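See below for the structure under consideration.
Any read-out appearing in this document is the output of simple, stated calculations on the displayed coordinates, not a laboratory observation. Since this is a predicted model, take the numbers as computed values, not measurements. For neighbour counting, all protein chains shown are included, and Cβ atoms are generated from backbone atoms with ideal geometry for every residue, glycine included.
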There are 2 protein chains.
Amino acid sequence: MNNFTFYSPTYFVFGKETEKQVGQLVKKYGGHKVLIHYGGGSVKRSGLLDRVKASLDAANIAYVELGGVKANPRSGLVREGIELARKENVDFMLPLGGGSVIDSSKAIALGVPYDGDFWDFYCGKAVEAALPVGAIVTLAASGSEGSTDSVVTNEDGMYKRCADGDILRPKFSIMNPELTTTLPPYQTASGITDIIAHCMERYFTKTKDVELTDRLLEAVMLTMIKEGRRAMTDPTNYEARANIMWSATIAHNNITGVGRDQDWGTHHMENELSTTYGCSHGAGLAVLFSSWMRYAMKEDVLRFAQFAVRVWGCEMDFQNPEKTANEGIDRYEAFIKEIGMPISITEIGGKEEDIPKLVESMFHGAPNHGNFIPLTKEIASEIYHMAL
Amino acid sequence: MNNFTFYSPTYFVFGKETEKQVGQLVKKYGGHKVLIHYGGGSVKRSGLLDRVKASLDAANIAYVELGGVKANPRSGLVREGIELARKENVDFMLPLGGGSVIDSSKAIALGVPYDGDFWDFYCGKAVEAALPVGAIVTLAASGSEGSTDSVVTNEDGMYKRCADGDILRPKFSIMNPELTTTLPPYQTASGITDIIAHCMERYFTKTKDVELTDRLLEAVMLTMIKEGRRAMTDPTNYEARANIMWSATIAHNNITGVGRDQDWGTHHMENELSTTYGCSHGAGLAVLFSSWMRYAMKEDVLRFAQFAVRVWGCEMDFQNPEKTANEGIDRYEAFIKEIGMPISITEIGGKEEDIPKLVESMFHGAPNHGNFIPLTKEIASEIYHMAL
């Protein structure tokens, strides 16, 4: 096990009707004027925005609002948000949404107190100061409600990059599973895929003797297989949604990932797919992960066999562990397909001739990708081809 | 799943030689003068106390020290610590030890800013203010390094009671598994038993649809079975000690217990054993838990069968789930015995005629015990008898 530090000071408020506490929570964490940040009209149609405003009014918290966040959030709206927040003396960011809205809010939070361009933080500049963020989560997927990171796409070149630092953990996150019961199946399935992928990026490691975090990651994945199926067939099932929602947080606040090297190569490859083809992040991961595993398996067949046996219930073939490992990957792929996700680049509109451009874009100013398998341009290209 | 809040702001610093960072950490968290609190001479013999003082000196942090904490820490030393801390203007508590030392420090931390008797907080008074605590952990067991609680025995009547509140979570906890490799087998085994018990107190619940936390608790227990065995047969194995040490934290910082009713009846019954017979807390739990399970099993046989199958690797007998459930309890008991723990009250020096006194003491000023099985005096007495 590697040495590590772990610091997760987010105050999670989980359960039915918890969004009504938002005014008091903003006050508790020192906010006076918030920027309510959201995507399209769903927060209006569902009445969530009105409930949030009522709670803020009751706590005498002033607010401005900025909607329009798209999936895979863009730099243009972030810049607009920074300008608005400065002009209006906003001192607290309040995203209502999933990972895209929360990540866009984190980017604005970074940009407001910074003299330079917020994008610096997405090119490796150390994250040190940011406005406080409190999130109201409407989509179980990214885990951004408890995580240290923010992913944004720069419209100048369409590069999708990540900023990271403990200060980006939200001060509080309000998580009401009821808010997720009206999600369309595609978004639900994208979330399920993303949550499992966050576990897999941590699971495939060369760090030895990480039994506890192995088991914790398996726990989340096993839960997602059961509750993911239940949410797909019975979308309004509160209990399935609740288990999925807390799984999203546990999968990515890094309690399951401490003390071990992590991979993240597939996430980096995915960034190019969602940016190029406009698919959801989860769909992009769905398309790539089986191919990444089939490529990576030779590095440590027994780790993949463990994944097959413990997560996918395969029987260990002691004469032929490679067969077991492959069976695990097949079952993963079958599950992803079962919940309605694409499993090939072709299905999301990609073409073989795009691959050189995907690879070039991925490596633009970012030479390092992956740990379990350090990706070269050649390997990335091979995995994209396998995923066609 | 129940509604819940979760807030765990402790900064964990885990790994080899991490105790050298203590001076900088105390400074970071605003301490100027610390009370170094510890048990017997082992922190001196091991050189830990000297290393800690050197780090404090280097960071210009002043200190006083108070040793003498016993297992199952006592109110007398707590009062002495409160007086010393006030006289010396201590503003930060620094325990070096396991749960007893950390809990004693939390009690002093509660008492210093409070006008009344610190014991009030152990009789139900709300915990609102306390000196900050930073822990250096030398024993993997109680999870007090990440938990909200403190257990102390009042020498006036020998009542062992608990105070609880988010403010009792340490500001930081330094966790170096190397410090645990010299522990005697009995203490190691007591710790292993305590960690598994913290999972079991949460696992046996009537709250429905808690698949994620079920799986997370199973993850910790499975890890403890594997790594516990490894540490018992190979005590200096760093990797086993590291997995056990982080398991202790995960088992009790409540990340595995949110959203579900928890039991804790066995812990309350145990308090009487360690207070009366001077056994370790882990030994007292070892003695009681199989009997508690055999008594409680009828409440939900399938939950015990799940425990047997998922944690202890039993094969499900679909014709006779009770047989499976019993087999799981038997395997738990065999494991506890294998690592050298007692499995009957007789083994720790208890006698049948003591039972009425144990029961009376347990219910003295504390009428409520247990959730999965609400304990009456009659039930507690029956379980004590079963454990003879």
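Once both labels are positioned 7 Å from their Cα atoms along Cα-to-Cβ, the gap between A:N320 and B:K53 label points is 6.7 nm. Note on segment A:196-270 and segment A:96-170: Cα centroid distance 21 Å, given to the nearest whole angstrom. For A:P374, neighbours were defined as the other residues whose beta-carbon sits under 12 Å from its Cβ, and their charges (Lys and Arg +1, Asp and Glu -1) total -2.
Over all distinct Cα pairs, what is the inverse of the mean 1/r for segment B:183-386, reported as the Kirkwood hydrodynamic radius in Å? Could the numbers behind the result be given before it?
On the way: mean 1/r = 0.0582 Å⁻¹.
Result for segment B:183-386 stands at 17.2 Å.
Counting 0.36 nm for each residue step from B:T233 to B:M158 and taking away their Cα separation leaves a gain of 23.4 nm. The modelled label-to-label distance for the pair B:N368/B:L302, using points 7 Å beyond Cα in the direction of Cβ, is 2.9 nm. Label sites at A:A334 and A:K20, each approximated as a point 7 angstrom past Cα along Cα to Cβ, lie 4.6 nm apart.
In the structure shown, the pairs A:K28/A:K106; A:K44/A:K337; B:K206/B:K298; B:K27/B:K70; A:K206/B:K171 are assessed against 22 Å; a Cα-Cα span above that value is assigned to A:K44/A:K337; B:K27/B:K70; A:K206/B:K171. A point 7 Å from Cα along Cα→Cβ stands in for A:H385, and the other copies hold the same point at 7.7 nm, listed in rising order.
Convex hull volume of the Cα atoms of segment B:11-179, normalised per residue: 94 Å³.
One way to sum up the overall shape of the protein assembly as shown is the equivalent ellipsoid from its Cα gyration tensor, whose semi-axes run 43, 32, 25 Å, largest first.
Considering helices alone, the calculated mean residue ellipticity of the protein assembly as shown at 222 nm is -15000 deg cm²/dmol, with DSSP H runs of length four and up weighted by -39500 (n - 2.57) and normalised per residue. Long hydrophobic helices in chain B: the complete DSSP H runs spanning 20 Å or more by Cα along their own axis with mean Kyte-Doolittle hydropathy of at least 0.0 are B:281-296.
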